[in-house]
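What follows is one structure encoded as structure tokens, with my remarks underneath.
The values are calculated or read from the model by the stated rules, or taken from the named source; none is laboratory data. Nothing here was measured: the structure is a model prediction, and the numbers come from that model. All Cβ positions, glycine included, derive from the backbone under ideal geometry; neighbour counts span all protein chains shown.
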There are 2 protein chains.
Amino acid sequence: MKILVMGAAGMIGRKLIERLLKDGQLRGTAISSIHGFDVVEGSFQDTGSIEVSMSAGDISDASVVDALVDHNPDVIFHLAAIVSGEAESDFQKGYRVNLQGTQNLFDSIVARSGYCPRVVYASSIAVFGAPFPEAIDDEFHLTPLTSYGTQKAIGELLLTDYTRKGHLDGIGMRLPTIVVRPGKPNLAASGFFSNIIREPLSGLPAVLPVSEDVMHWMASPRSAVGFCIHAAEIDGETVGPRRNLTMPGLAITVGEMIAALEKVAGAETASLVERKVDETISGIVANWPRKFVAERAASLGFTAETSFEDIIQAHVEDELSD
Amino acid sequence: MKILVMGAAGMIGRKLIERLLKDGQLRGTAISSIHGFDVVEGSFQDTGSIEVSMSAGDISDASVVDALVDHNPDVIFHLAAIVSGEAESDFQKGYRVNLQGTQNLFDSIVARSGYCPRVVYASSIAVFGAPFPEAIDDEFHLTPLTSYGTQKAIGELLLTDYTRKGHLDGIGMRLPTIVVRPGKPNLAASGFFSNIIREPLSGLPAVLPVSEDVMHWMASPRSAVGFCIHAAEIDGETVGPRRNLTMPGLAITVGEMIAALEKVAGAETASLVERKVDETISGIVANWPRKFVAERAASLGFTAETSFEDIIQAHVEDELSD
């Protein structure tokens, strides 16, 4: 079992590789090698039995992608993308990497006859844009309101069609917003969802820039890695021709998040969250999905946390222990 | 008012140019020139006041598209595409023309700062694939089951995002199956919808290869041209950010079509339709949409025939008169 992880230096990519190294197998077969690729080179501890290698480059260059596919990985995790904010500010770069880069990967696979790897594609709930119904079901249309969301939606369509034609065996995962992201606070509009939990748990203040009744769709980094593994292992036949699935998550208001923080870590910790509405961030977030009914993914065995206490607990165990 | 028609040699392209020449104006402004482009060169009668020119080439070549956009047309009708059957049999050609060609057009427009033409994009109900609800509403998701439908869906997403960013001013029309197509019978799986009307009206036999209870979504060539004109003239603000619209049409069974033919042209004419089920065609058609509720387009002033007698009448007037 040879594995390629594109986007290996990102938060999910790194955690996925750690998990694969720990599991030692995928789809019931021992992993022989993992190659991690990103725009910057990462580093991993060699575990002995699994050969781990890393390289860096730009997926908008077809020859770079060809070199990765040349190794005939059995499973490819395509997590590489220019993130939402940058795809919005640099229109051409976003299309070059997120659209052309994805086409380069798929076309490189097509060019190898008889080769049909499982491709796990990280899409996003950003493929959906307001106005929304109260809860978004599995048949709601693709209505992105950002270039990033558009590029992800196009990747979904390509994945489905290339799979239908037998050129690859794709599963697309529409990831919820991932909370609690480890590391330093960042300036992404969605950053506060993690900041208001992570910072207080470390005794630091954090700002809540939106109203407490803002609801959003979330899952932990641990669940995101679980989605990747399950998407790699699931039988494509049971998924059927619609290969892109809204991943399960938790619909919860910011007020409920803070209440859960207080329950887990006490009133003093929760009091480190300062309410200070930012009109710009509030405006952006108003166009984001609040709640999904991810029935298909649930029926196919994808699972996520069902309480926010569990999401906090996953963060404590995975980031704040030992 | 300078107009570019891409796909000018196709059935709708030719009829659109004829209509524009007859109208002499678009969006309340006199038309000064029409340039028609296709993979093969067409020919049109010069009407004196409007300069009509034609050229031929391949839109998957960016320099070819650049040369067309160089004339700064105020309105661009992008009707050019590899059709469904060929996009399915020649995977790479379909993507090259239908996806890369469309990207070439949009990117050529982006490259000209301060230039923001109305782009009328011919999409198709092929962006939808079974299973369907009883009637498909304006919020049903994009679920193409063909490469052609996938490429059209991707074009829709690009059109919306490029419009949102102010790079162009696009309106996408999801065209119904166009009936009655003039000309000779063709081998397209959808050909019989036209054949069973057109051939008997000319005293010739035609084969119905599916069951009489097959329902489908149709509009006349005249309505298709009307959609193009209205899409060119409509105020983008009233359309809002969701720029792709399912065009109005008529949901009718094949049996009802033949009954309408009998009503208009008599029992002898209708008896020229021979029932002979073709399992392959029946299988393909089983995955096609039967019925839409095209509320958004209707509320925005797009109109189509509401009875099949009217569709037959449009054919008689436009193709069989004088």
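Here B:Val97 meets each of (1) β-branched (Val, Ile, Thr); (2) crowded, with 24+ Cβ neighbours inside 10 Å; (3) more than 9 Å from every other protein chain (Cβ to nearest Cβ) with one exception, condition (2).
Within the stretch B:145-180, being more than 8 Å from chain A (Cβ to nearest Cβ) and in a helix (DSSP H, G or I) holds for B:Tyr148, B:Gly149, B:Gln151, B:Lys152, B:Gly155, B:Glu156, B:Leu159, B:Tyr162, B:Thr163. Would you check which residues across the stretch A:162-186 are out of contact with any strand residue (DSSP E or B) (no Cβ under 8 Å at 6 or more places or on another chain), outside the structural domain of A:Phe106 (by TED's automatic domain parsing) and surrounded by fewer than 18 Cβ atoms within 10 Å (Cβ to Cβ) and list them? Listed by number, the residues that qualify are A:Pro182, A:Gly183, A:Lys184, A:Asn186.
The rows are residues; the columns are (1) hydrophobic (A, V, I, L, M, F, W, C); (2) over 20 Å from B:Leu142 (Cβ atoms); (3) surrounded by fewer than 21 Cβ atoms within 10 Å (Cβ to Cβ).
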{"residue": "B:Pro209", "(1), (2), (3)": "no, yes, no"}
{"residue": "B:Met215", "(1), (2), (3)": "yes, yes, yes"}
{"residue": "B:Gly226", "(1), (2), (3)": "no, yes, yes"}
{"residue": "B:Gly236", "(1), (2), (3)": "no, yes, yes"}
{"residue": "B:Val239", "(1), (2), (3)": "yes, no, yes"}
{"residue": "B:Met247", "(1), (2), (3)": "yes, no, no"}
{"residue": "B:Thr253", "(1), (2), (3)": "no, yes, yes"}
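The set of residues in the stretch A:69-86 being assigned to a loop (DSSP other than H, G, I, E, B), under 21 Å from the mean Cα position of the chain (by Cα) and free of Cβ contacts under 8 Å to residues at least 60 places away in the same chain is empty.
B:Trp217 fulfils the conditions (1) part of a loop (DSSP other than H, G, I, E, B); (2) modelled with pLDDT of 95 or more except for a single criterion, (1).
Residues checked against (1) of a type in the set (Phe, Trp, Tyr); (2) at pLDDT below 95:
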position: A:Leu79; (1), (2): no, no
position: A:Ile82; (1), (2): no, yes
position: A:Ser89; (1), (2): no, yes
position: A:Ile109; (1), (2): no, no
position: A:Tyr115; (1), (2): yes, no
position: A:Leu142; (1), (2): no, yes
position: A:Ala153; (1), (2): no, no
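From the list B:Ser223, B:Ser190, B:Ser282, the lone residue that is among the polar types (S, T, N, Q) and over 26 Å from B:Lys15 (Cβ atoms) is B:Ser282. Annotation: B:Arg275 fulfils all but one of (1) over 25 Å from B:Gly129 (Cα atoms); (2) in contact with a helix residue (DSSP H, G or I) (Cβ under 8 Å, 6 or more places away or on another chain); the unmet one is (2). Each residue in the stretch B:265-319 was checked for being within 16 Å of B:Gly249 (Cβ to Cβ), part of a loop (DSSP other than H, G, I, E, B) and in contact (Cβ under 8 Å) with a residue 60 or more places away in the chain, and 12 of them qualify. Reported count of residues in the stretch A:12-68, each being more than 19 Å from the chain's Cα centre (by Cα), exposed (fewer than 15 other Cβ atoms within 10 Å of the Cβ) and of a type in the set (A, V, I, L, M, F, W, C), is 3.
Out of all the residues in the stretch B:150-158, is one or more of a type outside the set (D, E, K, R) and under 30 Å from B:Lys276 (Cβ atoms)? Quick ask: steps written out before the conclusion?
In the first step, residues of the stretch B:150-158 are kept if they are of a type outside the set (D, E, K, R); the result is B:150-151, B:153-155, B:157-158.
When the remaining residues are screened for being under 30 Å from B:Lys276 (Cβ atoms), the result is none.
So far as the stretch B:150-158 goes, no, none of its residues is of a type outside the set (D, E, K, R) and under 30 Å from B:Lys276 (Cβ atoms).
For the residues B:Ser53, B:Ser89, the requirement of being free of Cβ contacts under 8 Å to residues at least 24 places away in the same chain and over 14 Å from B:Ser33 (Cα atoms) singles out B:Ser89. Filtering A:Ser108, A:Ser60 for residues that are touching a helix residue (DSSP H, G or I) at 6+ places or on another chain (Cβ under 7 Å), part of a loop (DSSP other than H, G, I, E, B), within 14 Å of another protein chain (Cβ to nearest Cβ) and farther than 21 Å from A:Leu26 by Cβ leaves a single hit, A:Ser60.
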